[in-house]
Amino acid sequence: MYRLGAQLTLRSGREPLVRLMITAVAVAIGVAIMLAVLADFNAFKTTNNRPAWENTQGQAVTADYASATNAELWNYGNDIYQGQTIERLDVSGLGPSAPVPPGISQLPGPGQYYASPALAALIRSIPADELGGRFPGKLIGTIGQPALTGPTELVAYVGYAPANLATLPATTLVSKINNGAGRTVWTSFFRDSFIVGAIAFLFPILILVGTATRLAAARREERYAALRLVGATNRQIGTISSVEAVISGLIGTLLGIGLFAALQPVLADSAITSARYFADEVTPTALGYLLVLVGVPAASAIGALLSLRRVRISPLGVSRRVTPPPPTAWRIAPLVAGIVLFALGLAATNHNRIAPSLLLGLIVIMIGLLVAGPWITAQAARLLRRFASGAAPLLAARRLADNPKLAFRSVSGLVLAVFLGTVVAGILPAVEYTAASPRAAALSNVLLDGFTSAPVCGNDANCSGGGATSPANPLAGSSAHQQRIGLEGLPPHAATTLLAGLSAIKGTTPIPIYTQPGSGQPTGQNIAPGSGPAANAAGGPGPGGSSSGPGGGFGNGVISCAGLRELAVLGQCAPGRSAVAVPAGNLFDDNPRYSTQPIASASSPAATANFSRLYLQAVLVKVNNAATLEKVRTYLVTHTPQSASGTAPRTFGEAVQARAVIADTVQRLIDTAVILTLIVAGCSLAVSVGGSLVERKRPFTLLRVTGTQLATLYRVVLLEAVLPLVAATILAGAVAYFVATATVEAIAPSGTPVPAPGGVYYATMAAGLAGSLLVILTSLPLLRRLTGAAGVRFE
Amino acid sequence: MTSSLTQPQVHRSDGFLIEARDVYRSFGQTQALAGASLAVPRGEILALMGPSGSGKSTLLHCLAGIFPPDKGEIWFDGERLDTLSDTRRTELRRTAFGFVFQFGQLVPELTVADNIALPLLLNKQSRKSAYAAAQAWLPRLELDGLGGRRTGELSGGQAQRVALARAMVAKPKLLFADEPTGSLDTLTGELVMDLMVSTAREEGATVVLVTHDARVAAYADREVMVRDGKIINRTGAEVEVGR
């Protein structure tokens, strides 16, 4: 029977062979996409599980650090170039067996540094005053893959003499480098998002495979009837059917693996999340390949066997079993359950925790839409039958009512795409609202750097007067001079030198903010960069990277009115004033929506304009282009004290970008899922429509012969596809809008506007519907050809 | 009447509803019709007989305007049919002709009443009047109580009666039947033929019937033989249009 099944599949003539190839191609597309999802997920997992050397924790550096052996001084921080983060490790080995970070064979010495391949390429191609100048010494090699998350990651290991590194506040003593996996609050979120995305188009893929293997089933079944006539049993028919399905599934799977292999370099080059992965990691595991190789043909065979249950193949021909009962309203239950689960998850979610039931609820909602779809289709068919007159609505409505499951299946992928797209369209504008604003946009090219740093001394090695520092008392043990710097910023002479250096860079407009005399007292209120409420959840600190650590109280700052005129959105002085006192601390809020609030107004009190005696609290630097920005940043990094957070200063625009990176990543994931779902769903729809035309060739041909116009049959085909699509899309859109609105109201700051999808959303939905119509329209020439008069000849 | 099987001569005459004049039709290398001529008066029930491959179904298809002939003429009710546009021929098939095939012509998802009403709906008649007309046909063809049943659930005889009702509901002038009892048992076939003939006579429809079964052909007023794409009178008598 197996051999007979293979023979019937492969050597039955042109038409069966064409059907086989169409099925195989459809399966191949689905398999290639499945493998791509598995490959990306594998790369994501591999990257997340790699040893996170940057999470290494050390001990405080004591005055006798030099006696430590097999250890090193470790100072990890972040720099920025063109919005990209540079991970920077300043390191100094103490002893011959000091631990070596991954990716290199030995520690860099003083005046040496290693860079990741991407950073090394940048350093070589960009002027030193924009980037290379930040790394003292010589580039002696590149950092290998074990240390990196992807080929575009920017990492530097910079060697220092121990005495230089020990004096920096954030330096710690490390004897063992972390080799455990790094985890952030977003790791599980991304993992779960992958799962949501995978499920979102797993269903369309399975439907595509199922639909393709059912292609022209009626004609195959007639052949089975002939076999029954010569004595084949139902079991044997089942075997033959399975063999046919397995062969087409296997050919399709192999084609799909080949297609994936051809597209794998493109996939590796793309950044589904915010960063690219290494090409050799963007591959399914062996288990993934095996699952696909075995699972898809097996699923095809099971689908073929299940579909045979709907027909009775007797020696005299094929008859359909009694029409199944219509779907009941109970099919809505999973959707309702998903909505409830999602709402419960939303109630348990906050800025530090995403409740598991939130994503679970989302998954159940998507499953619920698929389960409810046939019921929605049946109701839509009833309405069509009741309210529309004419032959085409009658034929379409009856066909939909006869098998609403089959009718909905062909558009289910499109409905899921609508759901996901609507959720994103509803949520992301709110996310952007919380970060971006017209004021932030106006300040996007303004960099902020603060100098009331945090631990002037961070350890015993760079503190005088003894006494250990602690987070609660970072200035303990520091001299009065150091304390004043910590509280008020750069002393006047250092400030003058710094401002002169900045002004010398072409294309810059430095606007200094001085500390008002007498205001630099510990306020007891720590305004550390990124310590705002959403700091841990967002992309990092506010614009002023090196600033305001614990103990850095932003008392009133003093700013010149001329400087304020350069930055109109921050407010204006009253007429006649030269300088005013302003609450500069607001500028360092981690949310750009708040950090860009005006700091001056007509009621701002006048302040002294004798800046030459004032300490420099912070500086705003307006730049005219990206190259100038990097020159300014290089200058500031190399001429000012290191920040407590270890983050280089950034512009307000970069702060918005950093905050939006999570939203961007989620949007990219969902956009990818939506696009892939649309592709798969489009293929599924085409195969389904084409297949149903082949199955109904005879009645449609005879309808045409007996006087039915082709246009009427076109309308029937269109109605059968469009009606379930529109009905289910309305439901999916409504549920998605509820999800988006509930999410925004629960999580977003008060005052965030309720989601109202704009023109782009509606245009995208219209384009999707138009695309679906196009797919259906491409099947109409097939209808014309199949139902031509030539088909009547042997009736 | 002579008994020789000779090529009949056709003469132009009035009173014929449908005529084929020296019609040729081939499909690829196969010459299906080779100069067939035929004339059917109004109200006649004509049987086209012949062995398999003789061209009788092709002749029916040409008469019905499904295929235009390669050569020759088809006339319907005084109008040249073969030169009409496809749209006009489709309209004629919808309004003036009815069809009963051997099987497979009903739409399985539709109910009996839906199938019967379909031609009227295609002619843009209102739903109310279309279904009223369909309901009226049920008792006539012994289909009482079956109006709401799906046609896929009917027996062969019931399905053919539904097909007949669908063919007649638009009151066609001409009914084409191609092996209407081919898939039925003898008794059921006789029932279907009885109903077809009586219905046609009641409605004043002309019938062109293709069959290979002499018992079915016996229902006809006249039989003609088709062989090798030509019309051969079984009795050998000359076929005069108008007789």
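What the table below lists for this structure:
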{"read-out": "Rounded FRET efficiency, nearest 0.05, which uses the C-beta distance separating residue A:625 from residue A:125 and R0 of 22 Å", "value": "0.80"}
{"read-out": "DSSP bridge pairs, chain B: antiparallel proportion in percent, nearest 5", "value": "55"}
{"read-out": "Percentage relative contact order, the stretch B:12-52, counting C-alpha pairs under 8 Å, at least six apart", "value": "38"}
{"read-out": "At R0 = 30 Å, FRET efficiency that the Cβ-Cβ distance of residue B:202 and residue A:382 yields, to 0.05", "value": "0.20"}
{"read-out": "FRET efficiency, 1/(1 + (r/R0)^6) with R0 60 Å, evaluated for residue B:77 and residue A:344 via beta carbons", "value": "0.20"}
{"read-out": "Relative contact order (%) - criterion: Cα under 8 Å, at least six apart; region: chain B", "value": "35"}
{"read-out": "Accessible area, probe 1.4 Å, largest first, for residues A:357, B:54", "value": "A:357, B:54"}
{"read-out": "Set of aspartates and glutamates near residue A:45 by C-alpha distance (under 15 Å), chain-local residues within fewer than 8 positions excluded", "value": "A:192, A:280, A:281"}
{"read-out": "Long-range amide H partners of residue B:35 with built H, under 5 Å", "value": "B:23, B:24, B:25"}
{"read-out": "Residue A:290 paired with residue A:152, simple spin-label distance in nm, labels 7 Å along Cα-to-beta-carbon", "value": "3.5"}
{"read-out": "Accessible area of residue B:137 in the full protein assembly, 1.4 Å probe (Å², nearest 10)", "value": "10"}
{"read-out": "Cα gyration tensor, the stretch B:15-98 - rounded (a/c under 1.5), prolate or oblate", "value": "oblate"}
{"read-out": "Candidate residues A:276, A:565: accessible-area rank, largest first, probe 1.4 Å", "value": "A:565, A:276"}
{"read-out": "Burial order of peptide ranges B:36-47, A:246-257, A:677-688 (average beta-carbon count within 10 Å, highest first)", "value": "A:677-688, A:246-257, B:36-47"}
{"read-out": "The stretch A:1-45 residues near the modelled residue A:785 label - backbone nitrogen below 16 Å, point 7 Å along Cα→Cβ", "value": "A:14-23"}
{"read-out": "Residue order for B:21, A:331, A:409 - accessible surface, 1.4 angstrom probe, largest first", "value": "A:409, A:331, B:21"}
{"read-out": "12 Å beta-carbon shell around residue A:491, net charge (K/R +1, D/E -1)", "value": "+1"}
{"read-out": "Cβ neighbours within 10 Å from other chains - mean over A:781-790", "value": "1"}
{"read-out": "For the stretch B:23-78: relative contact order, % (alpha-carbon pairs under 8 angstrom, 6 or more apart)", "value": "41"}
{"read-out": "Probe 1.4 Å, protein heavy atoms only - accessible area per residue of the stretch A:36-77 in square angstrom", "value": "43"}
{"read-out": "Chain B, accessible area per residue, ligands and nucleic acids excluded (1.4 Å, Å²)", "value": "40"}
{"read-out": "Shielding by other protein chains, A:705-715, mean Cβ within 10 Å", "value": "6"}
{"read-out": "Solvent-accessible area of residue A:639 with every protein chain in place, 1.4 Å probe, in Å² to the nearest 10", "value": "110"}
{"read-out": "Distance (nanometres) between label positions extended 7 Å along Cα→Cβ at residue A:746 and residue B:212", "value": "7.2"}
{"read-out": "Expected 222 nm ellipticity per residue - DSSP helices of 4 or more, -39500 (n - 2.57), all of chain B, to 500", "value": "-10000 deg cm²/dmol"}
{"read-out": "Angle in degrees between helix B:186-203 and the longest Cα principal axis of chain B, rounded to the nearest 10", "value": "90"}
{"read-out": "Across B:56/B:173; A:697/B:56; B:56/B:128, pairs whose alpha-carbon gap is larger than 27 Å", "value": "B:56/B:128"}
{"read-out": "Cα lying deepest toward the dipole's positive end in the stretch A:327-407, options A:327, A:358, A:369, charges on Cβ", "value": "A:327"}
{"read-out": "Partner chain coverage, peptide B:109-115 - average Cβ within 10 angstrom", "value": "4"}
{"read-out": "Within the stretch A:53-182: Cβ-based charge dipole about Cα centre, in debye rounded to nearest 20 (Lys, Arg +1; Asp, Glu -1)", "value": "200"}
{"read-out": "For the pair A and B, total buried accessible area rounded to nearest 100 Å², probe 1.4 Å", "value": "2700"}
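The values are calculated or read from the model by the stated rules, or taken from the named source; none is laboratory data. None of these values were measured; they are calculated from a predicted model. With ideal geometry, Cβ positions are generated from the backbone for all residues, glycine too; neighbour counts draw on all protein chains shown. SASA here: full protein model, heavy atoms, side chains in, ligands and nucleic acids out. Shrake-Rupley method; radii C 1.70, N 1.55, O 1.52, S 1.80 Å.
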